[in-house]
Structures are given as structure tokens and as C-alpha cells.
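Trainee: What follows is a structure written as C-alpha cells; I'll ask about it next.
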Amino acid sequence: MCGIVGYIGPRNAAEVVIKGLKKLEYRGYDSFGIAVSSDQISILKKGGRIQESFFNLNELNSGLVIGHTRWATHGIPNDTNAHPHSDCSNNIALVHNGIIENFLSLREDLLIRGHIFKSDTDTEVIVHLIEEFYNGDLLYAVRDVIPLLQGSFAILVIAKGEKRIIAARYKSPLVLGIGDGEVIAGSDVTPILDYTPDVIFLEDGDLVSIRAEGVVIENSHVIIERLVTCVDWSREDARKGGFDHFMQKEIFEQASVFSQAIRSVDYEALKTILSGVKEITVVGCGTSYHAGMIFRYLTEEFARIPVRVEFASEFKYSPPPLHGLLIALTQSGETADTLAAVEIAKNYECTTLAITNVLGSSITRVAKNTLFMRAGPEVSVAATKSFIAELAVLFCITDCLSEGELRTQSLDSAHKAIEDALLIDIDPAVDLLKNAGTVFFVGRGWYYPVSLEGALKLKEISYIHAESYAAGEMKHGPFALLSEETPVVAICVEGPTYSVMISNIKEVKARRAPVIAIGNKGDTDLCAVADVVVTIPDTPRVIQILTITVILQLLAYRTAVALGRDIDRPRNLAKSVTVE
Amino acid sequence: MTQAVVLAAGEGRRLRPLTHARPKALIPVANRPIIEYVIESLVKNGIRDITVVVGYRKEQVMRYLNTLDISLNIVIQDKQLGTAHALGCAASSINDRFLLLPGDNYIDYDSIARIKSENNAVLVKENPQPSNFGVVIQKGEYIERIDEKPEIAESFIVSTGIFSLMPSFLDAIRCGTDIPEAISCFIDGGASIRAIPAKDWMDAVYPWDLLTMNEKLITKVSPSRAGIFHRTSIIQGQVRVGKRTKIGPGAVIRGPVIIGEDCNIGPYCCIEPGTSIGDRVSIEPYTFVKDAIIMDSVSIGSHSRIVRSIIGEGCILLDHTSTVSRANMIEIEGKLLKPEFGTILGDSVCSAPFTTFHNCIIGNRTVVEVPGRSLYHMVPDDSRVV
């Protein structure tokens, strides 16, 4: 996906837009550009990460600018494929977030009509189509073009001689910030909050004429009013505040994120949604899928209700006959596969419940019910606090289904437990991992998805190949890969899985792989077999899920720091995957 | 433009067990961390260029500072090697006259106003226990020297640890590990430091000092009734109640009292003046609380009496808990003291019904397993009372 920003008002628009693009960098960062409207439209764009030095702000004195930061889907990242794109006469400029699925046939038509294409992107067809229909009024032209487009788009368009931005939204997010004599448009609220907390979340089909004095929104040819919401994320939430990386800041926020998420769940509303539920399906991608797996173990144990967990992307290939409840987990609320899964579920007799972090996101319109994680913006691409927040909400659901069984495991002690876990010294473990080429993570029971998540984090940010196995599965093949060069991280804490894990670790050691074990204090047996032992604080069993998760996140983070990786923006990844 | 350097890297060891889970600067007094009062006094005096040096539990401090409206410079002191070293870590951001203050002492707006335009000065105050601090020996209005924690104090005037210094002071910090040593060096090198009387300054050296601090600071709290009050509850005086807090039928709250958010004060409870209650605290019916600091997520059982005490975060005290306020002999870090207080409980202490705490300090995570026990003196962390 990409990030788009537009500004119209009295400030130096280029400065506002460039700052805004930097805030949206987590949505895509392989090329960037802006279009400045003064006497004519000037486009400045380049491949690579955003460099503020590329722009000479003193010379860009305009109150009307649109900008784009890209995560390439069609066309390699380079200067020509970067947005904004313009028409043949350079009188119209446009930025786009989304994919135009029928762009090839549109492009052929336009080529026949004599248009000249400069780039390989799908976006460029939109601006040439607008050129075709343009007769002095940009709004009319865009209105005529929109029905011809198939796919998804959030676009901002400007034209020479017109002091306004035309915006349109269909299946890609777009938010307008209404300030005092100024309007900022953005793919989400983060670039907007520095200027105003009052925002309008646009809906699919909206077409907007944005002027400095205000906006006029129409949908299906009718002028409408949209609700102005006040966003309570503070601007400090989106700043690092003394931490080296956003990921570090977000890892350390998890104690309060967990307790806040638990407290913000409306139990009464939850009881209504869950009444009579006899089976549950959970869909999610990546980290969210792991949260779903943990939920499955807990709900089946405490509430005795069958749960199935599916990758959202696989869901469409074998849709099960659905009754009961479908829970969709997505931090951004925009993950394409998860959205599609909810759409499929609605065709069966399924109640749908979304758990997300972003107000006004697409999933909130598609699912029947929504619970918010309230974790504040997660800027780092790797999910950390959103995972903990998802677990918090899911724990509440399990608690509700099990009629309070889970609470007696005292979720209230989680805050302190997470705080204590964050301070544990893991340097000996980091030293072992940072030189490894492959790392295995093993766990049993509900620690198996915890180890899956640990492996994912290590992969994502340190680029070390890491895989996770349910400990019992290692012997059925993966053992062949073990050697002195493949460290194994084993979760071996007290509980029903303890004794068999100790034996597993002994078997791993017999193959000479170094072992890092996560265990309880005073476990001398474990210290005798493992090379490095990381001890977690004493807590109820369920809370151990949280403390071990946090330790594995820190392990991945510190290893990546030791290797000098670009932590908040890992290579080849985007924050929210809005393509299939 | 006057800058400020706030030292918040230390633990505050003499306040254990309370400083296990938070540095002294973040201990809540009248429901606000001590460092918040320091920053507020600076900001109200128009000082915007503030550097905070963090160390012990730095991520926790940074997270807290990020919630404030003002943007601060954060400097990390990796190893706690003394206050002079801490200032040294921040040296690169100092380019003008600067105020140097500890982040864990209360200081009011007027005191800062008196010192902020002085070139080299220190705020001083009379204190009845001068051997806990740095005693100031003056020559006229300038200081001759500061005697740190002397056995025999030559006067009752002590240094508050709050200085206004010129950048030339930074050369002297290599002289020793602590600021007072550096100050002596600075004076020996020819500098003249004026002694300016402070107005309101409070340093909690020991845990019970926090109760005195709480008593004074709670009077500055502005009343608010954001919670849900039963119509038969009685609220008198300066009372501040946070959002979603429920005050049950027949409860009596006499101010000055501050109660946080999401609390549940049960029917017929009496919350008496001088009490600060944090967030998510649950107090069962018929409980009497007076002159106390109750931290977040605490649960107090019914028919309990909590007087002149500090209850750490996450404590679960079952019914009929009693605190008996006495002044017994106690030894902390080699010093013999006789403070009067009920009890100081660390975090996550769990006690069975009918437990009585007599003038005792109870370590973190202590569990009193059997009902009817009486506890005295000092109990270490992670104890089990059987």
C-alpha cells in the first residue's frame, strides 16, 4: 500500500506534506514525491527513502500541495514510477493509493487516443482519463472518470488554475482533517494530528471538493454531510520520545497497553455478541494469526467451545459451513485478505466481530461488531503492542465465554508482570543469536504459538532465518537440520508441558545445537541442560504467555540492533498488506 | 535563555520496598509522580529547554515523560555512577545558565522564580534533621562550603540540591562523583555561590516522609466530581474523584482526598482527610482510610482500618486488615530512627483476613498466608508469613 497527503491552506504546504509523508512512511517507503500548485503544477519525485534535503522548501512557497510515499505494486520503484503522476500537458497531477485492476484495457484505449505514458504504473491511467474528460472543472471530470475504474483507490487530484483538491475514496482509506482555514487530507490520521484533532473518515463512493474554507462531499451524485470526529491520539504517540526506535518504544508500552485494552472492553456488549455462541472461527494474518491460535488453546481449555483458526488468505479456498461467530483480527483494519474473509462469512449465517486498532478503518464497516484494541498508533512495521492488545481483547472474550474462569487467573497482575519481564537481562541470549544463520523456536501447548510469534519477530527485523515447531514435531524431520550452528530457543516453563520439554531439550543438546531456554526462577534442572537460561517472573500460567512474548520480542529487537538493522522499516515489508 | 537539567536517574534506595517497581521520581504523591511537580514548577516559570537525565528504569520514566504536553530532551545515564556523572551526560546540551534539580524532590513555583535569574546560586532551607542532607555553611549571603550528611551538623540550613549555575560549572564536575563534591571544587576554584531561601521544598528521604509530603500536596488538589456517586453518599470538603469511579451508598468522604479512575469505594466506607487513592482501587464496605497513599490496582477487604500508611501497587488485603500507628525504633542503612506510621507495604503484598500491621515495612510480593497474624519491624521482599 502507499501513503498520500494533501494540504490546502495558509501554511507552507510543501513543508506540511513532506512532514506528513514522513509520518506515513510505514505504509510504504520505496519512492516518494510531491506536486506543488502555484502558477503551474510542478512535480518533484524520486526513488528511495524520503530525503527532506531533496526539497528546497524556500522555493516551494505554495498553499496547495499533494504528496505520496510508495510501496510498489505495479512498476519497479524508481523516479519515473514514483507518484505524483501527471497528464500529457502537465496541467493535472494525481496521487493514488490502491490498485486499478482494469488498468491495462484502459491504457490501451488511451494509447489509441494519442496519450503518452511515462511510467509503468496503473495509477497513470487515472490522470490521463481525467485529462480526457477535463473541460475546465476538475470535479466534473473526476466524477465522470470514477465509474470507469475497477479496483481500489484513494486519490487526490489538482489541476492548474483551480484552487482546490479533488479527493475520492473507494476501498482505500482516506481521512480529512478540518482545521481553521485549512484542510489536510491523509491516508490515516497520523499526518493530520499535528494540526487538528477534528477529522472526517471518508466512506466508499465519496467524492470531495476540498477548499481551504471547507469541504463539500458528495456520494452517488448527492451532496451529503459526514460526521466530524475528534481523535484522541496525542501527537506524542507518534513520536519516539527518547527511545531509539519506535519498536522499542512500543515494546515498552505493552504493560499499560494490556491493562488499558482489558479495561476498555465493554463486557455488557460482549455478552450480547457472544450469547449462544457454540463455535468460533478466527481469521488473521501473520501476528494476528498467532494471537488467534493462543485464543484457541485458551477458549478450548477454559470455555470448552471449539475454535478453528485460519489464515485469512487461505480462508477463501475452503470456506467451512459457518454458524457461530467469526472473529477477524487486524491491527490496521485494512488487511485485504482479512476483509475478504469477513465478506465471505457474512454470506453464511455467521455473526462477525472485528478486533482492530484503527477507528474508522475498512473492517469496521464490513464486520457487524467491532472491538477496539486502543493501543495507540503502532508505527513500527513489526507488530508488538498490537499483539498484546489483541491478546487482551481475546482474553476478555475467553473470560466471558468461560463465565469468569480466566479472570480468576488474575489478569490484573499482568501489568506488573510485563513491567518486570521488560527488565530481564537477555544479553547472553542475544550474543548467541546474533551470529546465527538459522534459529529454531520450540514450544508446546499454548507456548507453541508464542514461539511462532518469537520466530516471526526475529525473522522480520534481524533477517536471520528463524522457524518455529511444536516441540513434538521437531523429531519428525527438522532434527536433521540441527548442528552447532543452529541455536534453539525453547520455552520450558512449569506446567503440564514441563517434563516433556526438558527431555526435548536434552535431545536437542545431544545434536550439539546451542539451547536458549525460557524458564522459571530456581529451575536447576533447566540450568544444567541449557546453555543460556532466561528466567521469567513468577506469575499465573496464563500471564506467562504475555511475559514470554515480551521477552522474545526484546530478543528479536536487541539482536537486530546488534546487527545494525533498519528496525522500524524492515526491507521488503509494509505495515498493512492491502493487496492479496 | 535559562535551561534546566533534571536528574532522574537514581533509584532512591532508602525508599525501598517502594522503589523496586518505580524510581523515586515516579512515586505518586497526591496522585501525581514527584517529577511532575518539578517539571510543572519549571514550565510555570517559563523554562522550556528542559533536559531530563534518566537511568534506573529509564523506559518507564521515558514513557511517563512522553505523556506530558511539553517536549523534553532525554539523556540516558547508562550506569548510575553518581549525580556529577549524570550531569556530565547532559553536558553537551548545556550552553547557557542552567538550573540543576533533582527529579525526586518537590519544589514550588516561587522557589524556582527566586533562583532562575541568578548566575551561581543554591536554594537553601531550614530542616529539623540536617544530617540527612547537605548542611550549608555560609559566609554572609555566599556559601563557604556544603557538608554532606554530617554526623554533627553546624547549622539547620541545608542545601535543597537545586542550583542555578553557569556553564563554567561543567569543568568542576570531574572533581568527584556527586554534585556536592563538584560544588566544593567549584567554590575552591573561585566561584561565588549565593544562598537563596526556598519557599516550599520537600524531599522524602524515607518512605514515611511521603505521607507528610502527601498531606501538604493534597491541599493543592482542585476538587472534581467526575465519578458516579450514590445519592446517599456524603462528600465534604476538597474532594477529587476520577472518571468511572463508583462511590457506594452511605460512603463518607471528607476532604482533602483524591481518588483516581475506575475505583470502587464500597458502601459505608469512610475516606478521611489526607488520603490519596490511585486508579482501579477497590475498597470493600465498612473500611476506614485516613492519611494514606493507596497506589493503583489495590484491593482492600471490608472492615479494615488503614491509617498513616502506604499501600503499594497491586496489593490484595483481605477483610479486617488493621494498621496500628506507632513510633518504634527502626534501622535503615545504618541509621536508627523512630518514625510514626502505620505500615509501608511494597507492591503485590497479599494478606489473609485479620492481619494487623504494627509500624512495619513489608517487602514486595510478601504473602501472609494465615489469618490473624501481627506483623512488626521489617519484612524482606518475597516473604511468606505462615
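Trainee: Quick one: which strands (runs of 3 or more DSSP E) sit completely within the stretch A:258-340 and have at least 1 residues that are within 26 Å of A:P496 (Cα to Cα) and in contact with a strand residue (DSSP E or B) (Cβ under 6 Å, 6 or more places away or on another chain)?
Mentor: A:280-284, A:307-311
Trainee: Further, regarding this structure: Identify, please: which residue in the stretch B:309-341 is within 14 Å of chain A (Cβ to nearest Cβ) and small (G, A, S) and is, among those, nearest to A:S413 (Cα to Cα)?
Mentor: B:G314
Trainee: Something else about it: Scan the stretch A:7-20 and tell me whether some residue there is within 21 Å of A:T121 (Cβ to Cβ), part of a helix (DSSP H, G or I) and charged (D, E, K, R).
Mentor: No: zero hits.
A quick yes/no check of all residues on (1) within 21 Å of A:I210 (Cα to Cα); (2) in the same structural domain as A:L111 (by TED's automatic domain parsing); (3) without any contact (Cβ under 8 Å) to a residue 40 or more places away in the chain:
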{"position": "A:K19", "(1), (2), (3)": "yes, yes, no"}
{"position": "A:R27", "(1), (2), (3)": "no, yes, no"}
{"position": "A:F32", "(1), (2), (3)": "no, yes, no"}
{"position": "A:A35", "(1), (2), (3)": "yes, yes, no"}
{"position": "A:E52", "(1), (2), (3)": "no, yes, yes"}
{"position": "A:E59", "(1), (2), (3)": "no, yes, yes"}
{"position": "A:G75", "(1), (2), (3)": "no, yes, no"}
{"position": "A:N81", "(1), (2), (3)": "no, yes, no"}
{"position": "A:L94", "(1), (2), (3)": "yes, yes, no"}
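Trainee: Give the residue that is nearest to the other protein chains (Cβ to nearest Cβ), with candidates limited to residues of the stretch A:392-426 that are part of a helix (DSSP H, G or I) and over 22 Å from B:D296 (Cα atoms).
Mentor: Filtering first and then ranking leaves A:D399.
Trainee: Kindly indicate which of B:I247, B:I293 is farther than 26 Å from B:N364 by Cβ, of a type outside the set (D, E, K, R) and crowded, with 21+ Cβ neighbours inside 10 Å.
Mentor: Just a single option satisfies the conditions, and that option is B:I247.
Trainee: Then there is this: Where in the stretch A:436-545 are the helices (runs of 4 or more DSSP H), entirely inside, with at least 3 residues that are of a type outside the set (A, V, I, L, M, F, W, C) and closer than 28 Å to A:D568 by Cβ?
Mentor: A:447-462
Trainee: Regarding the stretch A:506-516, can at least one residue be identified that is at pLDDT 95 or above, crowded, with 20+ Cβ neighbours inside 10 Å and under 22 Å from A:T384 (Cα atoms)?
Mentor: Looking through the stretch A:506-516, at least one residue is at pLDDT 95 or above, crowded, with 20+ Cβ neighbours inside 10 Å and under 22 Å from A:T384 (Cα atoms).
Trainee: I'm trying to understand the selection: among the residues of the stretch A:131-154, which are free of Cβ contacts under 8 Å to residues at least 60 places away in the same chain and either touching a Leu at 6+ places or on another chain (Cβ under 7 Å) or hydroxyl-bearing (S, T, Y) (or both)?
Mentor: Across the stretch A:131-154, the qualifying residues are A:Y134, A:Y140, A:V145, A:L148.
Trainee: When only residues in the stretch B:70-94 that are away from chain A (no Cβ under 14 Å) and among the polar types (S, T, N, Q) count, which is surrounded by the fewest Cβ atoms within 10 Å (Cβ to Cβ)?
Mentor: B:S92
Trainee: A follow-up question, please. Give B:S309, B:S299, B:S222 a once-over and let me know the one that is polar (S, T, N, Q) and at pLDDT 95 or above.
Mentor: B:S309
Trainee: Still on this structure: I'd like to verify a number: residues in the stretch B:120-159 that are under 23 Å from the mean Cα position of the chain (by Cα) and within 13 Å of B:P197 (Cα to Cα), how many?
Mentor: Residues flagged as under 23 Å from the mean Cα position of the chain (by Cα) and within 13 Å of B:P197 (Cα to Cα) within the stretch B:120-159 amount to 10.
Trainee: Right, here's the next one. Quick check on the stretch A:151-171: of everything there that is touching a Ser or Thr at 6+ places or on another chain (Cβ under 7 Å) and surrounded by fewer than 24 Cβ atoms within 10 Å (Cβ to Cβ), which residue is farthest from A:N97 (Cα to Cα)?
Mentor: For the stretch A:151-171, the residue satisfying everything is A:R164.
Trainee: Among the residues of the stretch A:446-458, is any within 21 Å of A:R541 (Cα to Cα) and among the acidic types (D, E)?
Mentor: yes
Trainee: Within the stretch A:320-338, take every residue that is surrounded by fewer than 23 Cβ atoms within 10 Å (Cβ to Cβ) and aliphatic (A, V, I, L, M) and give me the one that is nearest to A:R296 (Cα to Cα).
Mentor: A:L322
Trainee: How about the stretch A:378-435: which of its residues are in contact with a His (Cβ under 9 Å, 6 or more places away or on another chain) and aromatic (F, W, Y)?
Mentor: A:F387
Trainee: Can you name the residue in the stretch B:103-145 that is touching a strand residue (DSSP E or B) at 6+ places or on another chain (Cβ under 7 Å) and aromatic (F, W, Y) and is also farthest from B:I162 (Cα to Cα) among such residues?
Mentor: B:Y142
Trainee: Confirm whether B:S117 is under 23 Å from B:K24 (Cα atoms) and either more than 23 Å from the chain's Cα centre (by Cα) or crowded, with 20+ Cβ neighbours inside 10 Å (or both).
Mentor: Criteria not met by B:S117.
Trainee: Something else: Which residue, of A:I491, A:I516, A:I502, is within 29 Å of the chain's Cα centre (by Cα) and among the β-branched types (V, I, T)?
Mentor: The match here is A:I491.
The values are calculated or read from the model by the stated rules, or taken from the named source; none is laboratory data. Predicted model only: the values in this text are computed from it and were never measured. All Cβ positions, glycine included, derive from the backbone under ideal geometry; neighbour counts span all protein chains shown.
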